[in-house]
Amino acid sequence: MATNAEVKNITIVGTGVIGASWAAYYLSRGFNVIATDPAPNAEANLRKYVDEAWTTLSKNGLSSGASRDRLTFEPKMALALAKADFVQENAPERPDFKIKLFAEMDDATPPGSILASSSSGITMDVIQSQCKRPERCVIGHPFNPPHVIPLVEVVGGAKTSPETIEKTMAFMRRLERSLFVCTRHFQATSPTGYRRRCTRKFSISFNRVC
């Protein structure tokens, strides 16, 4: 599995509002970003979003190597995933769809890459259920829009390895994201909701990046 320092190529699967926001943020941190989405006009809409977000990102400070020129759009998902070190999935919140999608992503990505889902309402237990290498699958759920709000929920599934959790946490810290880490996943729609439910039912740790 790629180490934190070795992550250079990020693939965005699904370029709606959340996916486009993630793409803009990863570009602002100096990564190569390959995006894929089958929707009509997906590439044009993505590039428009990135251009509009760049003003805010520039004001907040760009990392060395940050450039919109590092964005590539590849309509064929298998090609987009071929060299991914880290995958950020942002597909529709439908269990059957995500199960099939993750199984396909698992087959198409290098063995050492991490597969992260932006899902807020489907557990990783469900999403990873048909994967051949479920240990590298993890929830990396942002608060929207991720290029503005520096808070990410990191949650594994029953088959997610501790190494994947640790590497995802380290990677998000590298991105200057604040982490909300739960031992179990559940549905919630606000930071207050997450905190209340975790405090009541599960162990939790907060990792604030200042």
Among the residues of segment 2-15, is there at least one that is small (G, A, S) and at pLDDT below 95?
-> yes
Kindly indicate which of E104, E74 is surrounded by 14 or more Cβ atoms within 10 Å (Cβ to Cβ), closer than 13 Å to T11 by Cβ and either at pLDDT below 95 or over 17 Å from the mean Cα position of the chain (by Cα) (or both).
-> E74
Would you please list the contacts, defined by Cβ atoms under 6 Å and residues six or more apart or on different chains, that run from a residue in segment 121-143 that is free of Cβ contacts under 8 Å to residues at least 40 places away in the same chain and within 19 Å of M172 (Cβ to Cβ) to a residue that is of a type in the set (S, T, Y) and in a strand (DSSP E or B)?
-> I127/S117
Of all residues in segment 33-81 being among the acidic types (D, E) and touching a Ser or Thr at 6+ places or on another chain (Cβ under 6 Å), the one that is nearest to L115 (Cα to Cα) = D37
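Table: residues versus (1) more than 14 Å from P142 (Cβ to Cβ); (2) surrounded by 19 or more Cβ atoms within 10 Å (Cβ to Cβ); (3) not hydroxyl-bearing (S, T, Y).
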site: V7; (1), (2), (3): yes, yes, yes
site: I18; (1), (2), (3): no, yes, yes
site: P38; (1), (2), (3): yes, no, yes
site: N41; (1), (2), (3): yes, no, yes
site: A44; (1), (2), (3): yes, no, yes
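Out of the residues in segment 46-71 that are charged (D, E, K, R) and loosely packed, with under 12 Cβ neighbours inside 10 Å, which is nearest to R173 (Cα to Cα)? Working first, answer last.
In the first step, residues of segment 46-71 are kept if they are charged (D, E, K, R); the result is 47-48, 51-52, 59, 68-70.
In the following step, the residues that additionally are loosely packed, with under 12 Cβ neighbours inside 10 Å were identified as 51-52, 59, 69.
On the way: D51: 25, E52: 25, K59: 20, D69: 24 Å.
So, considering only residues that are charged (D, E, K, R) and loosely packed, with under 12 Cβ neighbours inside 10 Å, the one nearest to R173 (Cα to Cα) is K59.
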Find all pairs meeting these conditions: Cβ atoms under 8 angstrom apart; at least six residues apart or on different chains; first residue within segment 1-26 and more than 21 Å from A39 (Cα to Cα); second residue of a type in the set (S, T, Y) and modelled with pLDDT of 95 or more.
-> M1/S113; M1/T164; A2/S113
Residue check, K83 of a type outside the set (A, V, I, L, M, F, W, C) and more than 18 Å from F31 (Cα to Cα) = no
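The values are calculated or read from the model by the stated rules, or taken from the named source; none is laboratory data. Model, not experiment: these values are computed from the prediction. Cβ atoms come from the backbone with ideal geometry, glycine included; neighbour counts cover every protein chain shown.
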